[in-house]
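Inspection log for the structure reproduced underneath, given as structure tokens.
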Amino acid sequence: MHRHLARLVTVLAALVALVASPLTSVSPAKAADQWNPPANLVQPLGEVWNHVSTTYPDLYGFRNYGWDQVMANRGSINYCVRWESDAPVSTDLRDRIHAALKKQFGKWTAAMVDNGTGHNAWPYTSVPVNIVGWAVKNRSTLQWTDNSVDIYTGLDEGGAPQCAPDCGRFFHQDGNYSRCPGGAARHYDQSLWLTKGFQGGAGGDWGQRVGQEYFTGALSQENIHIYLHEVGHTFGLDDFYDWTPTGQCCFLMKAGSAAQITEFDKWMYRDFWRHLKSRYGL
Ligand SMILES: [Zn+2]
């Protein structure tokens, strides 16, 4: 369940200018700053942000949170799957993995929208997830013949299948994918790393890693909760190994205490964006 955010040099790609009409009676800026969590969550949310502010080494300097990735793409996310297993993948299994990934990732991004309006000026009512590639050691492990995704058979330094670094956001935070064979359209922001025999999970700006058997065994579950927890880390959320916010016994980011995104998780997630959004002029 470890959080691991890697720091690489990055360049702010875009600034959004807001222009308020002098005729509007309600200032867009005021509406955007609206913050109305349930009364019983105000104190624990404040504790969480205080903890994050005092323990993250580069909270505001880091620019590759999931938030930054969605903003750079103008509202979508691209994935590459690293299949670190010799279990064969049929076309049907591939498609079920894609569908589960989209559904589960979407549970987080849906938490930013109420009645068609984004919390704190969050600009996207939906965030489409595209799976653009698969990495595998032996091509024959993947049983499909269509070319709907790019297939990579290169290995990383540890000998694990790796999607091409030339196409990865982690390696190109300036958004320059000119050396990616498919160009920017086939770049990937995150890796879903499915490793045979892997216990627990890991997550960060690079993506998420869980056990291959766990993920494929959980495809029909409403909540693939280890994956969901790790996506929380991708968007900057912390672990709670050694403390608990006031009044909150059980929530997804406190590993082992909940198996779905809770109301408290949603508000922590919204709060993270609230504190980051000014970097986008929002
Ligand atoms: Zn964790």
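The values are calculated or read from the model by the stated rules, or taken from the named source; none is laboratory data. Keep in mind that what you see is a predicted model, and the values were worked out from it rather than measured. Glycine also receives a Cβ, built like all others from the backbone with ideal geometry; neighbour counts cover every protein chain displayed. Heavy atoms of the whole protein, side chains included, go into the accessibility calculation; ligands, DNA and RNA do not. Shrake-Rupley method; radii C 1.70, N 1.55, O 1.52, S 1.80 Å.
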Tell me which residues, restricted to region 232-256, are in contact with a Gly (Cβ under 8 Å, 6 or more places away or on another chain), part of a loop (DSSP other than H, G, I, E, B) and near the ligand (Cβ under 9 Å from one of its atoms).
MET253
Starting from region 223-248, take each residue that is farther than 11 Å from ASP265 by Cα and list its partners that are basic (Lys, Arg), counting only C-beta distances under 6 angstrom and pairs at least six apart or across chains.
HIS233/ARG3; ASP239/ARG3; PHE240/LYS254
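Here is a yes/no grid of residues against (1) out of contact with any helix residue (DSSP H, G or I) (no Cβ under 9 Å at 6 or more places or on another chain); (2) of a type in the set (Asp, Glu); (3) open to solvent by 10 Å² or more (accessible area, probe 1.4 Å):
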site: LYS102; (1), (2), (3): yes, no, yes
site: SER126; (1), (2), (3): no, no, yes
site: VAL132; (1), (2), (3): no, no, yes
site: GLN143; (1), (2), (3): no, no, yes
site: ALA160; (1), (2), (3): yes, no, no
Is it the case, given these coordinates, that GLY211 is modelled with pLDDT of 95 or more, out of contact with any Lys or Arg (no Cβ under 7 Å at 6 or more places or on another chain) and open to solvent by less than 30 Å² (accessible area, probe 1.4 Å)?
yes
Sole residue being closer than 27 Å to TYR56 by Cβ, among the aliphatic types (A, V, I, L, M), more than 17 Å from the chain's Cα centre (by Cα) and open to solvent by less than 40 Å² (accessible area, probe 1.4 Å), chosen from ALA258, ALA202, ALA218:
ALA258
Mind listing whichever residues of region 104-160 are within 30 Å of MET268 (Cα to Cα) and among the aliphatic types (A, V, I, L, M)?
ALA110, ALA111, MET112, VAL113, ALA121, VAL127, VAL129, ILE131, VAL132
State yes or no: is MET268 within 16 Å of the ligand (Cβ to nearest atom), in a loop (DSSP other than H, G, I, E, B) and either surrounded by 23 or more Cβ atoms within 10 Å (Cβ to Cβ) or not aliphatic (A, V, I, L, M) (or both)?
no
Name the residues in region 202-227 that are within 15 Å of ILE261 (Cβ to Cβ) and within 11 Å of the ligand (Cβ to nearest atom), would you?
GLY203, GLN208, ILE226
